[in-house]
Amino acid sequence: MLSFANLTFDIGVYAEAILDVAMLVILSTPMIYIWIIKPYVVARDDALNQISHMAYHDSLTQLANRRLLKEYLEKLISRYAREKSCGALLFIDLDGFKVINDNNGHDAGDAILIEVAKRLNSIVRNEDIVSRVGGDEFVVVLSYLDTDKQLVSHKALEIAERIIKGLNKVINFNKTSFQIGASIGLRLLEPEIISSESALKDADTAMLRAKREGKGHIVVFGK
């Protein structure tokens, strides 16, 4: 027969055991979070950020790729329509790059592309975006310049000329000096209804005209 004393003893033992388990959980939970859960969450977030970066950036130059460029342009064009402001799109093709790449190998070509990316980033403003859209083709979006079309055109041409001068400087790689140039097609971005693809196509058309006119030229679309 179970006595009251035995029952009290059993309940006390069970209560103490439950309390021990509870204390163990309370004390170990922070350690589990610090040593197991937190590193997993950080690793997962880093992996997701890396995947996202790879989806929107060029693997060689780390510039925005065409996908990110188009998304950025769509938002910018919508903003121009609302605010009646203006910017510009510069389509840049390197002059003389193919010959260097063919004669000196892809390592030299890659080094030049990386240096071009650095120089473009150093010339434009923080609010602008630089993108690599092809082998030796780059796009610079000047996000906001002014509301006056003539002033916008003047500022955009000024930046385009600085880009040509900046890219024309010698690039040293593996004890060899290389020199390239750039042809630029300029497309003003005004308060109008236009798709990002159409804006890029117009700037590309202007760039092809610049190539036909010779090295180091700038052509404004529509002129």
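Would a scan of the stretch 70-81 turn up a residue that is in contact (Cβ under 8 Å) with a residue 24 or more places away in the chain, within 23 Å of V170 (Cα to Cα), not small (G, A, S) and not in a loop (DSSP other than H, G, I, E, B)? Within the stretch 70-81, none of the residues are in contact (Cβ under 8 Å) with a residue 24 or more places away in the chain, within 23 Å of V170 (Cα to Cα), not small (G, A, S) and not in a loop (DSSP other than H, G, I, E, B).
With respect to (1) at pLDDT below 95; (2) buried (at least 16 other Cβ atoms within 10 Å of the Cβ), the lone exception for R187 is condition (1). When K165 is tested against (1) within 18 Å of Q62 (Cβ to Cβ); (2) modelled with pLDDT of 95 or more; (3) surrounded by fewer than 20 Cβ atoms within 10 Å (Cβ to Cβ), only condition (1) is not met. When the stretch 36-83 is filtered for residues that are at pLDDT below 60 and aromatic (F, W, Y), only Y40 remains.
Among all residues of the stretch 109-117, there is none that is exposed (fewer than 13 other Cβ atoms within 10 Å of the Cβ), out of contact with any Pro (no Cβ under 8 Å at 6 or more places or on another chain) and at pLDDT 90 or above. In summary, strands (runs of 3 or more DSSP E) completely within the stretch 98-215 and bearing 3 or more residues that are closer than 26 Å to C86 by Cα and touching a Ser or Thr at 6+ places or on another chain (Cβ under 7 Å) occur at 137-146. Give the residue, chosen from R132, R125, that is closer than 24 Å to L200 by Cβ, surrounded by fewer than 17 Cβ atoms within 10 Å (Cβ to Cβ) and in the same structural domain as L186 (by TED's automatic domain parsing). None of the others qualify; the one that does is R125.
The values are calculated or read from the model by the stated rules, or taken from the named source; none is laboratory data. Just so it is clear, the model here is predicted, and its values are computed rather than measured. Using ideal geometry, Cβ is built from the backbone for each residue, glycine included, and neighbour counts are taken over all protein chains shown.
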